[in-house]
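Colleague: So that we are looking at the same thing, I have put the structure below in structure tokens.
The values are calculated or read from the model by the stated rules, or taken from the named source; none is laboratory data. Because the structure is a prediction, the values reported are computed rather than measured. In this analysis, Cβ positions are derived from the backbone assuming ideal geometry, glycine residues included, and neighbour counts consider all displayed protein chains.
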Amino acid sequence: MSYTSRSPVPVHPPHSDRIREAAATTLAPDRTQVAATALAEVVAALLTEPEVLVAARAEFDGVPV
């Protein structure tokens, strides 16, 4: 499989062989659902609980809360 781009920056495949192989397994849809649900719960908390956003920003910036 080859990847091309008009950009002068070298182009790399979007995923490794291991990731592509894992995505083809029977476990992949369930694992994807678990990951998507977890991500959605984090986003919901960040949007609805201001203190969670403050704590996340402080941790990201390396500032103690």
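Colleague: Looking at the structure I just gave you, is Val54 assigned to a helix (DSSP H, G or I), β-branched (Val, Ile, Thr) and modelled with pLDDT of 95 or more?
Modeller: Values: assigned to a helix (DSSP H, G or I): yes; β-branched (Val, Ile, Thr): yes; modelled with pLDDT of 95 or more: no.
No: the conditions fail for Val54.
Colleague: For Val9, indicate whether it is at pLDDT 90 or above and of a type outside the set (Gly, Ala, Ser).
Modeller: Working: at pLDDT 90 or above: no; of a type outside the set (Gly, Ala, Ser): yes.
So Val9 does not fit the description; no.
Colleague: Let me ask something additional. Are there any pairs with C-beta distances below 8 angstrom linking a residue in region 54-65 that is under 16 Å from Val43 (Cα atoms) to a residue that is part of a helix (DSSP H, G or I), with the two at least 6 apart or on different chains, and if so which?
Modeller: Pairs found: Ala56/Leu46.
Colleague: Then there is this: For region 12-24, give me the residue count where each residue is surrounded by fewer than 10 Cβ atoms within 10 Å (Cβ to Cβ) and at pLDDT 85 or above.
Modeller: Step one: filter region 12-24 for residues surrounded by fewer than 10 Cβ atoms within 10 Å (Cβ to Cβ), giving 12, 14, 17-18, 24.
Retained after the next criterion (residues that are at pLDDT 85 or above): 17-18, 24.
Here the count works out to 3.
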